[in-house]
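Remarks on the structure that follows.
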Amino acid sequence: MPSRTLNDFWIFSGNSNPALAKKICEYLKMPLGGAKVTTFSDGEIQIEIEDNVRTKDVFIVQSTCCPVNNNLVEMLLMLDAMKRASASHITAVLPYYGYARQDKKVAPRVPISAKLMADLITTAGADRLITLDLHAGQIQGFFNIPVDNLFAAPVILKYIRNAFANDIVVVSPDAGGVERARAFAKRLQASLAIVDKRRTAPNEAKAMAVIGDVRDKTAIILDDMVDTAGTMTEAVGVLLENGATEVHACCVHPVLSGPAIGRLQSSELQSLVVTDTIPLSPEAAACDKIKVLSIAELVGEAIIRSNRGDSVTSLFV
């Protein structure tokens, strides 16, 4: 366990994911810094840092999840407040990086929103970014500051090894996730399958066919996030049609927006394992198919190593 004094660094959190920030502080055996976040009647956000951070190393934990824009502005204002309070080094800790899916131009006259996010975070005062399972790895190159892109793989791999027998097949729900699924399959010594998905519109997908053998096996769908669960539930149906005995799913970021919970409840998916990069809505928390794993220790280790100047490479899988 890390052993650091309160004089070395501070951890603060906005309103997006205070439970995760508290777990990180419990792991580090230190209290959470005081940050007063209030909202004026017209919707403006006001930030007041209640602790002296002059010459201190500061980490701000804030997932830019729903409501995305409010949480983003909270993060930017906290970064600016720390900079103006003379913190010596400011690290933005974004367990979930919002706008990550808008990482390139897919049509004329559209923004590259993930790049704009990077510019805003840097301009607001961040000296380093710690994030988890970026939707697109090239987003690291959008920043002109160091970026540590951690992976929740150690946490999810441990769960899969303990929960399932050897006769499993790791499934990528689309071609874009093959590299991730292959890495998991290699470490689990399991076979690999791919669902051929055709996307007809944003948040709408149609699973077409399965590449690989899933017959008489427990299929585990692996993805970085579940949003409306359209891809996930389509994949479940086609895997069962191709002879899988049962289907489970693991993802890092439980966005779970729109009709996601209804789709999961009505599907034949046995379970969905997620992490706490994004807090569950009351509806999602009540869903008995969803199990949450914590990445607090992983992020806590990254924070302590960043503070000490140690390598975080050993945290990667």
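Here, each number is a calculation from the coordinates, and none is a lab measurement. These figures come from a predicted structure and were not determined experimentally. All Cβ positions, even for glycine, are placed from backbone atoms using ideal geometry, and neighbour counts span all protein chains on display.
Distance between the C-alpha centres of the range 58-83 and the range 230-271: 32 Å, rounded to the whole angstrom. Within the range 283-317, find all residues whose amide N lies under 15 Å from a label point positioned 7 Å from the Cα of ASN149 along Cα-to-beta-carbon. Only 313, 316-317 fall inside the zone, counting backbone N under 15 Å. Quick one: what does P(r) look like for the range 241-317 with 10 Å bins over all Cα pairs, in whole %? Binned Cα distances yield the sequence 16, 38, 23, 17, 5, 0.
Restricting the trypsin sites (Lys or Arg not before Pro) of the range 1-107 to loop positions (DSSP other than H, G, I, E, B) with no more than 13 neighbouring Cβ atoms within 10 Å leaves LYS29, ARG54, LYS104, LYS105. With neighbour counts taken as other beta-carbon atoms within 10 Å, the residues HIS135, HIS248 rank, fewest first, as HIS135, HIS248.
Around the Cα centre of the range 248-300, unit charges on the Cβ atoms of Lys, Arg, Asp and Glu (plus for the first two, minus for the last two) sum to a dipole of about 100 debye. Here the Kirkwood formula puts the hydrodynamic radius of the range 96-162 at 13.2 Å, using every distinct Cα pair.
Give the residue from ASN15, VAL273, VAL58 lying farthest towards the positive end of the charge dipole for the chain; charges sit on Cβ (+1 for Lys and Arg, -1 for Asp and Glu) and the dipole is referred to the Cα centre. Among ASN15, VAL273, VAL58, the one farthest towards the positive end of the dipole of the chain is VAL58. Across the range 187-290 the C-alpha pair distances fall into 10 Å bins from zero in the proportions 15, 50, 30, 5 percent. Per-residue extension of 0.36 nm, minus the Cα-Cα distance of ASP8 and ASP216, leaves a gain of 69.4 nm for this segment. Label separation (ARG161 vs GLU48): 4.9 nm, computed from points 7 Å beyond Cα along the C-beta direction.
On the principal axes of its alpha carbon atoms, the range 46-148 extends 47, 26, 22 Å, with the longest extent given first.
Across the cross-link table entries LYS22/LYS291; LYS56/LYS115; LYS29/LYS289; LYS105/LYS197, which are compared at the Cα atoms, the separations over 24 Å belong to LYS56/LYS115; LYS29/LYS289. GNM remark for the chain: springs join alpha carbons under 10 Å apart, and the peak mean-square fluctuation among THR64, THR123, THR91 falls on THR123. Classified by the C-alpha gyration tensor, the range 133-194 has an oblate form. Its axis ratio a/c, with a ≥ b ≥ c, is 1.5 or above, and a/b does not exceed b/c. Looking at the range 109-216, the trypsin sites (Lys or Arg not before Pro) that sit in a DSSP loop and have at most 15 other Cβ atoms within 10 Å of their own Cβ are ARG109, ARG215.
Restricted to Cα atoms, the chain shows a radius of gyration and a Dmax of 20.1, 61 angstrom.
Around PRO111, what is the net charge, scoring Lys/Arg as +1 and Asp/Glu as -1 over all other residues with Cβ under 14 Å from its Cβ?
With Lys, Arg at +1 and Asp, Glu at -1, the neighbours total +3.
Compute, for the range 1-160, the length of the dipole vector about the Cα centre, with Cβ point charges of +1 (Lys, Arg) and -1 (Asp, Glu) only. Units Debye, rounded to 20.
In debye, rounded to 20, the range 1-160 gives about 400.
Only four residue types carry charge here, +1 at the Cβ of Lys and Arg and -1 at the Cβ of Asp and Glu. Report the dipole size of the chain about the Cα centre in Debye, rounded to the nearest 20.
Using only the charged Cβ atoms, the result is roughly 540 debye.
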